[in-house]
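The values are calculated or read from the model by the stated rules, or taken from the named source; none is laboratory data. For clarity, every value in this text was computed on a predicted model and none was experimentally measured. Glycine gets a Cβ as well: all are built from the backbone with ideal geometry, and neighbour counts include every protein chain shown.
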Amino acid sequence: MSNKSNGNSIRGKVHKYDIDNIDTDVIIPGPYLKIHDHKELAKHAMEGIDPSFPEKVSQGDFLVAGNNFGCGSSREHAPIALSQTGIKAILAQSFARIFYRNAVDGGYLLPLEINESTVKKISDGDELEIDIAKNEITNITKNDHYLMKPFPELIAKIVEAGGLINYKPDY
Amino acid sequence: MTITEKILARASGKQKLSPGDVMFAKVDKVMLHDVSGPGVIKVFSEWEKKKGLKLKQIWDPDRVWVAEDHFVPSADRISAENISNLSNFTKQYGITKHFKYGLGQYGICHTLSHEEALVLPGEVYVGGDSHTNTTGAIGAFAAGLGHTDIAYVLMNGQIWFKVPETMLFKIDGIKPDHIMAKDIILKIIGDIGTDGANYKAMQFAGSIMKHLPMEERLTLTNMTTEAGAKNGIIEPDETTYAYLRERTHTKYSPMHGDPDAHYTEVFTYEIEKLEPTVAKPFSPGNISAARDLQGTELNKAYIGSCTGAKLEDLRAAAEILKDRKVKIRTQVLPAAQSIYMKALKEGLINIFMQAGAVVGPPTCGACCGAHMGVLGKDEVCISTTNRNFPGRMGHVESKTYLASPIVVAASAVTGRITDPRDVRN
């Protein structure tokens, strides 16, 4: 977590790609799947959509997108590459299932679900503060507030543990 | 309960499960390959570093298998190192089912899962690849996971799932010669959208199952991933059991849904009404009838992948290519060594080569833009594979059209997108 964070809240700038179905092939194209050096992967994050993406992102920033973010492959390279650029959370209308669980179980970044009108209200470059415990988003730039969908119980516990490998289930 | 709910209930020791329930399920089989495997190795080494311990053993090496498929035969130095690391890993943990290229049977992981009967009806199967859904055609719960989840399964033998709602797709009628399972699943994805089954189970049934071979069924479940599904599944029947009898003597406990099982949605299709279907760039859901695209000029035809290079796929393509010549660059990459050998024995490889196509080794190859015929800028390809996102098979400004093996073969002959009926006549 960046030094801009405070307790349960995180703060950063928005990089908005107002499109649905941002797939794993554009997040990290196939030829890079043989790479397992996380820092090297970050250089190619979002290459299929915006090759300048890694340079734009600062530690703790947010990515905002539409429906079905991360559809396609199970490549964990996708959340790894995004998190290594500095992205701390992705705010989207919905996520593809494997991307969602990879993001959480690997402890890389937070997949936060917001509704369509919230996506519309957030602009590229806005400064947000997100309170995970309260499920609240404050748009500092626009002086506005939004709610996000709370994590299901198990997801909240895995997020708190910092990933599945550190989580002690009670099965 | 549906078959999916019943399998997950048995695996989690519960009498009853409902969609939305979250539980940990015991896993019967797990797969990793040359992309997810090195990720697992990294998770293990980070765990060891953090704990200051050596991970001496995994949960059950006999329930694990490893495929080399994405970047093999090694595409370059890095992929060669990944394969070496994977070989050391399987040796260290006593995983004997490691299918190595150049050492007998090997191939695409999802193809090996059924060809080698590595997964059986009623089992919970997870793999480090999104198309793990494929193997659900055998009557198993089969779902794709990332490498952290696979590492967790290798350590603990279980993993969490949210029980999915089940969507039932009933396909009735007698399959015409110009229609393949690929047309059915492309039509379905076109209808429900690429997120139409997000987090859900897609179950296939209907009277076509009486005559639909196992490998065609596998095409249906394979592409459930493209609709966002957690799993694709078909209840096991005589076709399933006969297919398995040829491959294994291992006993299994198949599962079937209850007569009063609840399906959140039921879709019905009459197969006679379907058209040879093509998914246009850049989405598997962007469909048209092949005949509506017949002016579209092509540079390449690709017959490969877990979706479209099984033996039935090669037989279908060969039926079109027999005594004809291809007009555009055409590649055929059988999905596994055993399938390659069967195709050779049946004379299919000869047909492909006589037609002018190049036949390559089993590999995921250009399907994921890795190697073996990737597309350059502005190149247009028709392919039996499963995805056509921007840059999927190469340059971000290349284009891929997805279609059945017979549409791809017919298009290879004319150099334009072609309905197989227009070549046969």
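Residue check: residue B:323 meets all listed conditions (1) surrounded by fewer than 17 Cβ atoms within 10 Å (Cβ to Cβ); (2) in contact with a Gly (Cβ under 8 Å, 6 or more places away or on another chain); (3) on the phi > 0 side of the Ramachandran plot but one, namely (2). When the strands (runs of 3 or more DSSP E) confined to region B:133-237 are screened for residues that are modelled with pLDDT of 95 or more, surrounded by fewer than 21 Cβ atoms within 10 Å (Cβ to Cβ) and in contact with an Asp or Glu (Cβ under 9 Å, 6 or more places away or on another chain), those reaching at least 1 such residues are found at B:158-162, B:166-172, B:201-205. The set of residues from region A:46-80 being under 11 Å from the mean Cα position of the chain (by Cα) and under 30 Å from residue B:110 (Cβ atoms) comprises A:65, A:69, A:70, A:78, A:79, A:80.
For region B:400-425, which positions are in a strand (DSSP E or B) and either modelled with pLDDT under 95 or in contact with a Phe, Trp or Tyr (Cβ under 9 Å, 6 or more places away or on another chain) (or both)?
B:400
Condition first: surrounded by fewer than 20 Cβ atoms within 10 Å (Cβ to Cβ) and closer than 27 Å to residue B:109 by Cα. Can you find one or more residues in region B:294-310 that meet it?
The first filter runs over region B:294-310 and keeps only residues surrounded by fewer than 20 Cβ atoms within 10 Å (Cβ to Cβ), leaving B:294-297, B:299.
Filter again for closer than 27 Å to residue B:109 by Cα, leaving none.
No: region B:294-310 contains no residue that is surrounded by fewer than 20 Cβ atoms within 10 Å (Cβ to Cβ) and closer than 27 Å to residue B:109 by Cα.
Of all residues in region B:251-271, one or more are loosely packed, with under 14 Cβ neighbours inside 10 Å, polar (S, T, N, Q) and in contact with a strand residue (DSSP E or B) (Cβ under 7 Å, 6 or more places away or on another chain). None of A:83, A:123 is at pLDDT 95 or above and exposed (fewer than 14 other Cβ atoms within 10 Å of the Cβ) except A:123. For residues in region B:222-263 being of a type in the set (Gly, Ala, Ser) and within 19 Å of the chain's Cα centre (by Cα), which is nearest to residue B:386 (Cα to Cα)? In this case the residue turns out to be B:227.
Residue by residue through region B:374-399, note down the ones that are surrounded by 24 or more Cβ atoms within 10 Å (Cβ to Cβ), more than 14 Å from every other protein chain (Cβ to nearest Cβ) and assigned to a loop (DSSP other than H, G, I, E, B). Answer for region B:374-399, where residues must be surrounded by 24 or more Cβ atoms within 10 Å (Cβ to Cβ), more than 14 Å from every other protein chain (Cβ to nearest Cβ) and assigned to a loop (DSSP other than H, G, I, E, B): just B:384. Restricting attention to region A:143-157, the residues being loosely packed, with under 14 Cβ neighbours inside 10 Å and in a loop (DSSP other than H, G, I, E, B) number 3.
Determine whether region A:10-18 contains at least one residue that is within 30 Å of residue B:197 (Cα to Cα) and over 12 Å from the mean Cα position of the chain (by Cα). Give the steps one after another, and end with the answer.
Keep residues of region A:10-18 that are within 30 Å of residue B:197 (Cα to Cα), which gives A:14-18.
Still in the list and also over 12 Å from the mean Cα position of the chain (by Cα): A:17-18.
Yes.
Restrict the check to region A:77-85 and report whether at least one residue is outside any helix (DSSP H, G or I), within 12 Å of chain B (Cβ to nearest Cβ) and touching a residue at least 12 places away in the same chain (Cβ under 8 Å). No. Residue B:184 fulfils the conditions (1) within 26 Å of residue A:104 (Cβ to Cβ); (2) of a type outside the set (Asp, Glu); (3) more than 14 Å from chain A (Cβ to nearest Cβ) except for a single criterion, (1). Is one or more of the residues making up region B:74-97 crowded, with 20+ Cβ neighbours inside 10 Å, assigned by TED's automatic domain parsing to the domain that holds residue B:218, touching a residue at least 40 places away in the same chain (Cβ under 8 Å) and touching a Pro at 6+ places or on another chain (Cβ under 6 Å)? Yes.
Residues of region A:86-102 that are facing another protein chain (nearest Cβ under 8 Å) and assigned to a loop (DSSP other than H, G, I, E, B): A:94, A:96.
Once region A:26-61 is narrowed to residues that are polar (S, T, N, Q) and touching a residue at least 12 places away in the same chain (Cβ under 8 Å), the residue that is nearest to the other protein chains (Cβ to nearest Cβ) is A:59.
When the criteria are applied in full, residue B:138 fails the requirement of being within 28 Å of residue B:407 (Cβ to Cβ) and within 14 Å of another protein chain (Cβ to nearest Cβ).
Take the conditions (1) more than 22 Å from the chain's Cα centre (by Cα); (2) over 20 Å from residue B:253 (Cβ atoms); (3) crowded, with 18+ Cβ neighbours inside 10 Å; residue B:2 misses just one of them, which is (2).
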